[in-house]
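The values are calculated or read from the model by the stated rules, or taken from the named source; none is laboratory data. None of the values given here were measured: they were computed from a predicted structure. Cβ sites come from the backbone with ideal geometry, for glycine too, and all protein chains shown count toward neighbours.
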């Protein structure tokens, strides 16, 4: 007779306990959210300002993303004079504004995490020269990580050392000596097409050279990385190109700052997931093809072959990299190697086409060293003016404008106490134009500043940062320089180049600096 009553009491107790747990969890979540999105940002702001480090005010959840988007939208229609190389108003109007207000060191908020803008080159040196792991890499977001791949550029510590040991032979001296021939084969097809167009037109021809350089760079990286599978690998370039723009736009989408939003089946999220899956599928098929053919033709002597020889489980008991890591490293190598070179070639040709006096000097040097022959490694080393010209291009139009790290713990940086998790932003573009480092003519195109080498070009050894510097400097910088020099020299041997009146000077940033409307040039044949 008492059972129904006891049962009811028991159920009521369960519901009360469940309600209590739910309230406790909700309270804990609310307190955690308040700490993360309200109290901590305010405390950090006060701590920085007490040390004399200012910056724009933090706004709940979104930080300064709203102002950044507004300034970028306002600058989207701006156009520069051809002789103006300061494009900060177009690609980094927020940094430009805040630096004018708060000085070369300030704190902004790309979300709920603080970002310390390090315009002081001594702070940059402290971060980039560190070998202890105090300043790990900072992936922009998950979309960027999926685009670039979790390879050498983004990993840290022992994982980075392990990957580097496997990848380093790809950039050996012997491999780089062979690179010139691979590049010449790829660029030769483009130049033959130019000659055919000139013959058909019976005179000068206008082309969008930026698109053609992207194709050439994709051909080169496909051959170097994937050898006999280069045709399949080039599909990666087309997919990554679309993924690149989507990933870049996601940075400024405030919805992505909401925890878990990136996992929702929105149109952009589904599209990026599909593209990333497509890249992975292409690379996996290429790798499987290599493994299946290993007994007849081996793994090959390209980048993929070198990695598989070092990591294949049938050869090594404890492979240095798993199959998943090999795929990620392939993504990193392909995008980083292709994108930086394509944009370097584009901006080098822009400066060449607007400085006819330098075009003549460089052509004389190339003809003196090579004649009509394909530039070899030894010949490239003798092209001092070509090297100076490319280095100055990298100073003014380096493909990457920022290097990001973060603090792994609470520490002191340049005399400033910086909390754990702070994003550290090295503004390459700003440092490359610092008049205290480069002189009063820092905004001018002046290749002769590199006449005595990189080390003496500026007043500080860490003032030149197109490939970063220190222990985590770009492993592929010699690869990029050789490729650029070969393409540059082969064009100078056969053609004169001038800027088309249709070109509009409006650099834009999509993880790399590129001309918003392409680079239209007029080419003409030479009789050498």
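General remarks:
- Consider the range 220-252 and keep the residues that are surrounded by fewer than 23 Cβ atoms within 10 Å (Cβ to Cβ) and more than 22 Å from residue 277 (Cα to Cα). The one that is modelled with the lowest pLDDT is 252.
- Verdict on residue 325 being out of contact with any helix residue (DSSP H, G or I) (no Cβ under 6 Å at 6 or more places or on another chain), in contact (Cβ under 8 Å) with a residue 60 or more places away in the chain and assigned to a helix (DSSP H, G or I): yes
- For the range 64-77, filtering for residues that are in a loop (DSSP other than H, G, I, E, B), more than 22 Å from the chain's Cα centre (by Cα) and loosely packed, with under 13 Cβ neighbours inside 10 Å leaves 1.
- Every residue from the range 518-528 that is in a loop (DSSP other than H, G, I, E, B), surrounded by fewer than 20 Cβ atoms within 10 Å (Cβ to Cβ) and touching a helix residue (DSSP H, G or I) at 6+ places or on another chain (Cβ under 9 Å): 518, 526, 528
- Residue list for the range 495-507, restricted to those being crowded, with 16+ Cβ neighbours inside 10 Å and either in contact with a strand residue (DSSP E or B) (Cβ under 6 Å, 6 or more places away or on another chain) or farther than 22 Å from residue 466 by Cβ (or both): 495, 496, 497, 498, 499, 500, 503, 507
- Only one entry of 175, 137, 125 meets the criterion of being in contact with a helix residue (DSSP H, G or I) (Cβ under 9 Å, 6 or more places away or on another chain), surrounded by 14 or more Cβ atoms within 10 Å (Cβ to Cβ) and within 30 Å of residue 430 (Cα to Cα), and that entry is 137.
- Criterion: under 24 Å from residue 308 (Cβ atoms) and under 23 Å from the mean Cα position of the chain (by Cα) - qualifying residue of 221, 209: 221
- From 249, 256, residue being under 30 Å from residue 69 (Cβ atoms) and either out of contact with any helix residue (DSSP H, G or I) (no Cβ under 6 Å at 6 or more places or on another chain) or not in a helix (DSSP H, G or I) (or both): 249
- Residue match in the range 91-101 (condition: surrounded by fewer than 18 Cβ atoms within 10 Å (Cβ to Cβ) and farther than 17 Å from residue 433 by Cβ): yes
- Taking the range 385-414 as the range and being free of Cβ contacts under 8 Å to residues at least 24 places away in the same chain and out of contact with any strand residue (DSSP E or B) (no Cβ under 9 Å at 6 or more places or on another chain) as the test, no residue passes.
- Helices (runs of 4 or more DSSP H) (entirely within the range 103-192) containing at least 2 residues that are within 29 Å of residue 55 (Cβ to Cβ) and either more than 23 Å from the chain's Cα centre (by Cα) or in contact (Cβ under 8 Å) with a residue 12 or more places away in the chain (or both): 121-128, 142-148
- Within the range 434-443, considering residues that are surrounded by fewer than 18 Cβ atoms within 10 Å (Cβ to Cβ) and in contact (Cβ under 8 Å) with a residue 24 or more places away in the chain, the one nearest to residue 354 (Cα to Cα): 443
- Residues that are outside any helix (DSSP H, G or I) and either surrounded by fewer than 14 Cβ atoms within 10 Å (Cβ to Cβ) or free of Cβ contacts under 8 Å to residues at least 12 places away in the same chain (or both) within the range 283-307 comprise 293, 298, 301, listed in sequence order.
- Residues within the range 199-214 that are part of a helix (DSSP H, G or I) and crowded, with 16+ Cβ neighbours inside 10 Å, tallied: 5
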